[in-house]
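Down below is the structure, laid out as structure tokens.
The values are calculated or read from the model by the stated rules, or taken from the named source; none is laboratory data. Computed from a predicted model, the values in this text were never measured in an experiment. Here the Cβ positions follow ideal geometry from the backbone for every residue, glycine too, while neighbour counts run over all protein chains shown. Accessible surface is based on the protein model in full, side chains and every heavy atom, while ligands, DNA and RNA are left aside. Shrake-Rupley method; radii C 1.70, N 1.55, O 1.52, S 1.80 Å.
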Amino acid sequence: MWATNLKVVGIVLGTLALYTLIANKIPQVQSEVPQTLTLGANVTPEQLVAAGEKVFNGIGGCTTCHGLGTRAPNLLTDEKGTGAIGARCGKREAGKDCKQYLYESLDDPKAYVVAGYQPIMPMMTKQLSPPQVWSVIAFLESQGGTVDVTASDIPATSSTSTTSPTGGGGGGGGAGGLAGGATDPKAIIQAAGCLACHKLDGQGQVIAPDLTHVGSRRDAESIRKKILDPASSIAKGYEKLAGIMPKTFGTMMSAAQLEALAQYLAAHK
């Protein structure tokens with residue numbers, strides 16, 4: 001009897017060890033701790049620029065379009081001989097200096113559209129907090145220009161800290177979160193600027209996969225995972241765009257918003 005019991009215990013322990021080994025081999029989607037950057041009353045231009053660079057390359061998702069120079073003006077290098085953004089921003093609109101022009105571009109992007117590009121940029125002041133917005137402006141001014149953004153530009157009633165999340169997890173962006181915290185999928189899609197790359201119900205661009213019938217090839221769980229971890233799967237034929245979709249949408253939405261969006265898209269058969 002004791003020999004039989006030992007065999008049973010051995011089988012159980014062996015099975016547990018095997019599953020533990022398999023589990024450790026499966027890639028995990030890690031949510032990193034957001035880095036908080038405090039912008040106090042004595043914030044320096046260098047601190048603003050550093051904060052803005054993190055937002056630009058992180059939660060802002062700016063490089064999705066502005067780092068390529070094909071969907072939107074290149075904000076990282078020279079743009080068609082007009083110089084870096086910090087050098088050309090004050091020459092775009094008559095009567096507007098660089099700071100005014102950049103703020104307008106983030107708050108009302110359709111007010112002035114650079115020739116040769118489509119008005120596809122979402123209103124970033126709905127996605128980012130005032131400190132995030134002004135730090136991005138400082139960063140862009142530093143690209144070939146003079147930084148004149150100061151703490152006085154940031155509304156006194158707003159938080160003086162900005163975060164640059166790098167992992168998944170719910171609730172970020174401007175006041176109230178993405179789309180003001182609304183769980184209306186259409187409002188979320190509009191605020192996130194999804195139609196700048198995707199087509200849905202006859203609207204949007206065809207840069208990335210068409211979402212009109214996305215529910216026929218992905219269920220809600222797959223869509224949810226794709227939003228949280230864009231690199232988890234790449235649609236056939238779009239391999240060259242791998243890494244372009246921002247990794248921060250999961251941090252910009254609450255859990256309720258993420259679920260509402262996943263269910264809405266899954267219903268598009």
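Can you confirm whether I189 is assigned to a helix (DSSP H, G or I), touching a strand residue (DSSP E or B) at 6+ places or on another chain (Cβ under 9 Å) and buried (at least 20 other Cβ atoms within 10 Å of the Cβ)? Walk me through it before giving the result.
Values: assigned to a helix (DSSP H, G or I): yes; touching a strand residue (DSSP E or B) at 6+ places or on another chain (Cβ under 9 Å): yes; buried (at least 20 other Cβ atoms within 10 Å of the Cβ): yes.
The answer is yes for I189.
Here is a list of conditions, (1) within 18 Å of I120 (Cα to Cα); (2) modelled with pLDDT of 90 or more; (3) open to solvent by less than 60 Å² (accessible area, probe 1.4 Å); (4) not aliphatic (A, V, I, L, M), and R218 meets all of them except one; can you say which number that is?
(1)
With A156, A138, A175, A182 as the choices, which residue is closer than 30 Å to D97 by Cβ and either in contact with a Cys (Cβ under 8 Å, 6 or more places away or on another chain) or modelled with pLDDT of 85 or more (or both)?
A138
Okay, residues lined up against (1) at pLDDT below 75; (2) of a type outside the set (V, I, T):
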| site | (1), (2) |
| --- | --- |
| I22 | yes, no |
| V29 | yes, no |
| Q35 | yes, yes |
| G40 | yes, yes |
| A51 | no, yes |
| K54 | no, yes |
| G69 | yes, yes |
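Show the residue pairs meeting these rules: Cβ distance below 6 Å; 6+ apart or different chains; first residue within the stretch 236-261 and over 12 Å from P209 (Cα atoms); second residue open to solvent by 30 Å² or more (accessible area, probe 1.4 Å) and part of a helix (DSSP H, G or I).
Close Cβ pairs (under 6 Å, with a partner that is open to solvent by 30 Å² or more (accessible area, probe 1.4 Å) and part of a helix (DSSP H, G or I)) amount to G250/L228.
Taking the stretch 194-215 as the region of interest, how many residues are at pLDDT 90 or above, out of contact with any helix residue (DSSP H, G or I) (no Cβ under 9 Å at 6 or more places or on another chain) and of a type in the set (V, I, T)?
Qualifying residue count for the region: 1.
Name the helices (runs of 4 or more DSSP H) wholly within the stretch 68-153 that hold at least 3 residues that are surrounded by 21 or more Cβ atoms within 10 Å (Cβ to Cβ)?
So the answer is 98-107, 130-141.
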